[in-house]
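The values are calculated or read from the model by the stated rules, or taken from the named source; none is laboratory data. What you are looking at is a predicted structure, and each value in this text was computed from that prediction instead of being measured. Virtual Cβ from ideal backbone geometry, glycine too; neighbours counted across all protein chains shown. The area values use the complete protein model at the heavy-atom level, side chains included, leaving out ligands, DNA and RNA. Shrake-Rupley method; radii C 1.70, N 1.55, O 1.52, S 1.80 Å.
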Amino acid sequence: MKIRFNPSEFEQHWAEVWHKEKTYLTHNPQPGQEKNFTLVMFPYPSGAGLHTGHARVYTGTDVLARFYRMQGKAVLHPMGWDAFGLPAENAAIKEKKNPNELTQHNVANFKRQMNKLGISYDWDREINTTDPEYYAVTQWLFIEFFKHGLLYKKETPVYYCPHCKTGLAQEEVQGDGTHERCGNAVEKRNLPQWIFRITSYADKLIDGLQNLDWPSGILEMQKNWIGKKDGLNIDYPVQETSETITCFTTRPETNFGATFVVLAPEHPFVQKLTSGAVKIKDKALEKPLMEYVAAALRKTERERLAEEKKKTGVFTGFYAENRLNGKLLPIWISDFVLAQVGTGAVVGVPGHDTRDFEFAHTFNLPVTRVVTDGDADESLIVSAAQVYEGDKGTVINSDFLNGMDLSKALEAIIKHHEEKGWGTRATSYHLRDWIFSRQRYWGEPIPMVYCDACAKNGISFWDTKEGEEQSLRLNKAPRPHNLRQLIADVQPLMVGWFPLATEQLPLTLPAVKSYEPTDTGESPLTQVEGWKDTQCPHCKGAAVRETDTMPNWAGSCWYFLAFASKPALGKVKTDGKPWRDGDLLAWMPVDWYIGGAEHAVLHLLYARFWMHVLYDLNLVPFYEPFTRLRNVGMVLAEDNRKMSKSLGNVINPDDVIAEYGADTLRIYEMFMAPFNQEVTWSTQSLQGAYRFLRRIWQLHNNSDKVAKGDEKSTKELAVELQKVIKKITQDIPNVKFNTPIASMMEFVNMWERSGNVLSKGDAMVFLQLLAPFAPFVTEHIWRSIYAQASSIHNSKWPKINEHLLVDTTILIPVQVNGKVRDTISVAVDADEEVVIAAALASEKVAKWIQDKAPKHIYIPGRILNFIV
RNA sequence: GCCGGGGUGGCGAAAUGGUAGACGCGCACGCUUCAGAAGCGUGUGUCGCAAGACAUGGAGGUUCGAGUCCUCUCUCCGGCACCA
């Protein structure tokens, strides 16, 4: 008798039962119990609802959580909403809705869909970054960072998105010069911005990578993004002035080959020339110089990129002295030199740097060879192809360096400069400080106040009583970093700026009708009547609030702490921090962090940075938040393109669940390919998952295949089941979800085709193995057919019966000259002679050996190879 | 240019240096059905009637034995990039 398999008849029911029974409630680890914090990167709740990519990453993480829960570990598997930020606000503007209401609405929809998918979240720990209680803590942390000199405000050239009308961080600008969120071209603008001094943590952020179990690609990306390079800052006196130009170089050993110096248009010496502070002697040079600099400064990032590396520039008429050999180096200005890199000034060595060569070639500057690479070629360099940039070779034409190999020369020349006082060791980073202001409404208001009167009196936070007390505390800080120096740096810039007191938090986002961004570089909060005006926390006079908001990355920098320990500002008074150390010690760091690779240098870098700082401030007991990171691959539409509304190729999980059930969707998404790999959706392949579940359903509903009484499983099935337990128990912690499903399918094929009966106990064990992947149908069978009182998801993960796995006979493939000719069956403990005799007795083998006396190689229990 | 990750049947893919293609999709034939769908069964890398030979992007190498290790090379995907 066939029974219909219709998951929609029971899935909803069990979702409700789990909710009622609190099946997935978090229990703090008991003494001796291992903890497991399994976390998926929390979503921004978009209006489109869950897509198949969400379903994939949440299911994979859920499999891990369910597996560890059944293994008896204390599991924390929470979910929350990263709801501040541009996408939510832009969507709200488009639909002319209030972003707060829209967010609430989308969250409800996401949650409904996640429950339908059967993801085992503990909803008691749900958080939302836009909740005032939550962002009160984000603001409190901002203030902590400010007080320790890690944040300051300054007018500076920043990336600016004219579409989103806000400043951006370097990390938010993509390789093609577009904004990571909206895809529009980014410009540069001078704007007063809050700046987070992430570069002061560059070294710690590199060192911290060492012990992380992350995909190597992500580790490399972070390392390259921080981009640490050691080199030398060399000082060059400018002839006939009292000026000095400092050039950063990573190749000082080639410095005898220097023939010119190039400055970025933004370089201070250039500013002195254009302002007249330093007089240009040759009047003929003045006009072209002024024009070139003005044009370069006007150019947008895009225009600079578009010019395809053609070298342009102007001569200043000044010369710098290379004190190594007394040569005078003409000083040029060119926009190929970037102000933010190194010192914004480059010493040109055209013989051994292609860009320098191109510049020298364009302006007929001399080229000198100072290195030979192995083949002892000392010829003149006249084409770019001859420029040798490698680090293996011998130095020539370089006085005391002559004959040294490059690595030895590097040390020698650095020492020489240091001894003479001509230069100092320096480090350059690709990483830039983090622009932390957004001129937008939908974000955490920055909890700072500016007082003009105090500013005029030169008073900063560190001049107040509280600031002084905090300064004293720094002396006792267990992990001081270089915070004293950081504070000293920012103090003069930050006169007049004061943080809100903890009691004044949260500084709530005012409810307004109109919140559209302005094009003035000012936040819409400036338009809100009366919101801006406040009292100076120090002098109590009239003062104004900061009107910029924080970027959407702020809330996600610490949300995992909120899952581990419910945050509340009230705890600051008693504990000195908004969470409990005990809770953090119990759960942090995150054991499994699962998400897409697109956050490699955004969220993952920012969150690490915050934790390193909080550790130094003694606010958290660890500094690397994510022990293990695993990436999930994208799910492409059936046409191999990204799913998108405009292409009309989106698969909605709701539709799939309605037709096939959530378990089918889960099994399919786990089975289709390795978890970290990109996959293409196939509705046809989805059927395979449905068929698999239906067969299981029917096997359990059909009394022929499962013992009614105490009958035992046949030996063959019992052994096979043990192998499946072993395989799945090994594969899940390796984030291999496709192969466990394959092995369960194999087992089902065997079970079905053998016509044999499985004992009730073994049938239940099989259900347990499937439970993390297909929680609904397994629970339904477990409770309705096997009449279990409590959930399969809190049952104990099956143990392997090693005893059953010991074979008595084994199959040995027999090769002749490396080609398999037969397979023989021998006792597991058979001696080599016995195996060989058995192999030689095989006709198939004998045929290939004939009369020759073969040599052989026998790997006990594995393979036998005859060599003829 | 630099840094990562891939290339295995018609397709998605499996494979601690030890029987390449498990498992799934698709396809073919058969059973079932008034018919179709669904289901069930058998087969399915290529060439070959078969014996067998050839097959993991390409070329070499190490090994009794290589998809797996080494060298070179082609190609696709991601990241960074006038970074001094």
Regarding chain A, what's the average projected area of the Cα-atom convex hull, expressed in nm²? 48.9 nm²
For residue A:807 paired with residue A:290, estimate the spin-label separation in nm (one decimal), with each label point 7 Å from Cα along the Cα-to-Cβ line. 9.0 nm
Hey, got the Cα dimensions of segment A:436-499 along the principal axes, in Å, largest first? 39, 29, 18
Determine the distance separating the Cα centre of segment A:713-782 from the Cα centre of segment A:344-404; give it in Å without decimals. 67 Å
So which chymotrypsin sites (Phe, Trp or Tyr not before Pro) in segment A:547-617 are both in a DSSP loop and have at most 15 other Cβ atoms within 10 Å of their Cβ? none
Bins of 10 Å from zero: percent of alpha-carbon pairs in segment A:731-868: 10, 27, 21, 19, 15, 7, 1
Cα atoms only: what Rg and Dmax, in Å, come out for segment A:112-182? 18.2, 50
Kirkwood-based Rg over Rh for segment A:629-772 (C-alpha set), two decimals? 1.04
Principal axis extents for segment A:247-347, Cα atoms only, whole Å, descending order, please. 37, 31, 20
Of all C-alpha pairs within segment A:558-609, those more than 12 angstrom apart amount in percent to 69 percent
Counting every C-alpha pair in segment A:484-592, the percent lying more than 24 Å apart is 49 percent
Averaged over every viewing direction, what's the projected area of the C-alpha convex hull for segment A:148-305? Give it in nm², one decimal, please. 13.8 nm²
I need the Debye-formula profile for segment A:50-148: one equal scatterer per C-alpha, no solvent, reported as log10 I(q)/I(0) at q = 0.21 1/Å, two decimals. -1.11
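Mind checking segment A:328-416 for trypsin sites (Lys or Arg not before Pro) that DSSP puts in a loop (not H, G, I, E or B) and that have at most 13 other Cβ atoms within 10 Å? Before the final figure, lay out each step's value.
Details: sites: A:355, A:369, A:392, A:408, A:415; in loops: A:369, A:392.
Here the sparse-neighbourhood loop sites are A:392.
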When you have a sec, figure out the Kirkwood radius of segment A:380-461 from all distinct Cα pair distances and drop it here in Å to one decimal? 19.1 Å
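Can you compute the helix-only [θ] at 222 nm over chain A? Use -39500 (n - 2.57) per DSSP H run of at least 4 residues, normalise by all residues, nearest 500 deg cm²/dmol.
After summing the helix terms and dividing by the residues of chain A, the value is -11000 deg cm²/dmol.
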Enclosed volume per residue, in Å³, of the convex hull spanned by Cα atoms of segment A:747-789: 74 Å³
Heavy-atom accessible area of chain A with neighbours in place, 1.4 angstrom probe: carbon+sulfur share in percent works out to 50 percent
Pop out the Kirkwood hydrodynamic radius of segment A:7-110 from its pairwise C-alpha distances, inverse of mean 1/r, in Å to one decimal. 16.0 Å
Normalised by the empirical 2.2 N^0.38 Å for globular proteins, what value does the Cα Rg of segment A:661-739 take? 1.34
Suppose we keep just the alpha-carbon trace of segment A:519-678; what are its Rg and Dmax in angstrom? 22.4, 67
Report, largest value first, the span of the C-alpha coordinates of segment A:800-840 along each principal axis, in whole Å. 38, 19, 11
Hey, if you drop one equal point scatterer on each alpha-carbon of segment A:329-433 and run the Debye formula without solvent, what base-10 log of I(q)/I(0) do you get at q = 0.18, 0.24 Å⁻¹? -1.08, -1.35
In vacuo Debye scattering of segment A:189-241, one point per C-alpha: log10 I(q)/I(0) at q = 0.21, 0.29, 0.31 Å⁻¹? -0.87, -1.15, -1.23
Going through segment A:204-253, which GluC sites (Glu not before Pro) have at most 14 other Cβ atoms within 10 Å and a DSSP loop state? A:240
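Given segment A:595-686, what whole percent of its Cα pairs are spread farther than 17 Å?
So the pairs more than 17 Å apart make up 63 percent of the total in segment A:595-686.
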